[in-house]
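The values are calculated or read from the model by the stated rules, or taken from the named source; none is laboratory data. Just so you know, these numbers come straight off a predicted model, no measurement behind them. Counting neighbours? That spans all protein chains shown, and the Cβs are built from the backbone with ideal geometry, glycine included. Surface areas here come from the heavy atoms of the whole protein model, side chains and all, with no ligands, DNA or RNA. Shrake-Rupley method; radii C 1.70, N 1.55, O 1.52, S 1.80 Å.
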Amino acid sequence: QLQLVESGGGLVQPGGSLRLSCVVSGSPLHYYDIGWFRQAPGKEREGVACVSSGGGMENYAHFVKGRFTISRDSAKSSVYLSVINMEPEDTAVYYCAAIQRLYKICELESEYTYWGQGTQVTVSS
């Protein structure tokens, strides 16, 4: 069975940077498209970014505005989400999720099958 474990969350000051990691195990990473999602208190879960199984195609939510970058390292079976110039509105639980590869650009609207436990990110002074 596929397992995903997030790490890297914590308390960050506004304007700071953070890199979240998602380690995938139980099945080859390249069998799956991987997405990052977040959910703030009282709000619906929203997609942030995804990367295709081949690692060459990415898709971002419109609100990213260049501050988020998703990357994939097959050697480490990991997917990362780097964030710069963080804002209080970025406070949320961040999840990584997987869906069997679609052989096209990944889509945040897809129903991802496997989910990690999430990692808390808090942006505050």
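Just to check your reading of the model, which residue among 60, 31 is touching a residue at least 40 places away in the same chain (Cβ under 8 Å) and among the aromatic types (Phe, Trp, Tyr)?
Answer to the selection: 31.
Kindly indicate whether residue 21 is in contact (Cβ under 8 Å) with a residue 40 or more places away in the chain and among the hydroxyl-bearing types (Ser, Thr, Tyr).
Yes.
Could you list all residues from region 103-125 that are in a strand (DSSP E or B) and of a type in the set (Val, Ile, Thr)?
Correct list: 119, 121, 122, 123.
Within region 15-35, track down each residue that is closer than 24 Å to residue 87 by Cα and in contact with an Asp or Glu (Cβ under 9 Å, 6 or more places away or on another chain).
Of everything in region 15-35, those that are closer than 24 Å to residue 87 by Cα and in contact with an Asp or Glu (Cβ under 9 Å, 6 or more places away or on another chain) turn out to be 15, 18, 20, 21, 22, 35.
Where in region 1-102 are there strands (runs of 3 or more DSSP E), lying fully within it, with 1 or more residues that are within 21 Å of residue 122 (Cα to Cα) and open to solvent by less than 30 Å² (accessible area, probe 1.4 Å)?
Values: elements: 3-7, 10-12, 18-25, 32-39, 46-51, 58-60, 68-73, 78-83, 92-100.
Per the criteria, 3-7, 10-12, 18-25, 32-39, 46-51, 68-73, 78-83, 92-100.
Only one of these conditions is not met by residue 106: (1) touching a residue at least 60 places away in the same chain (Cβ under 8 Å); (2) open to solvent by 40 Å² or more (accessible area, probe 1.4 Å); (3) more than 18 Å from residue 8 (Cβ to Cβ). Which number is it?
Answer for residue 106: the failing condition is (2).
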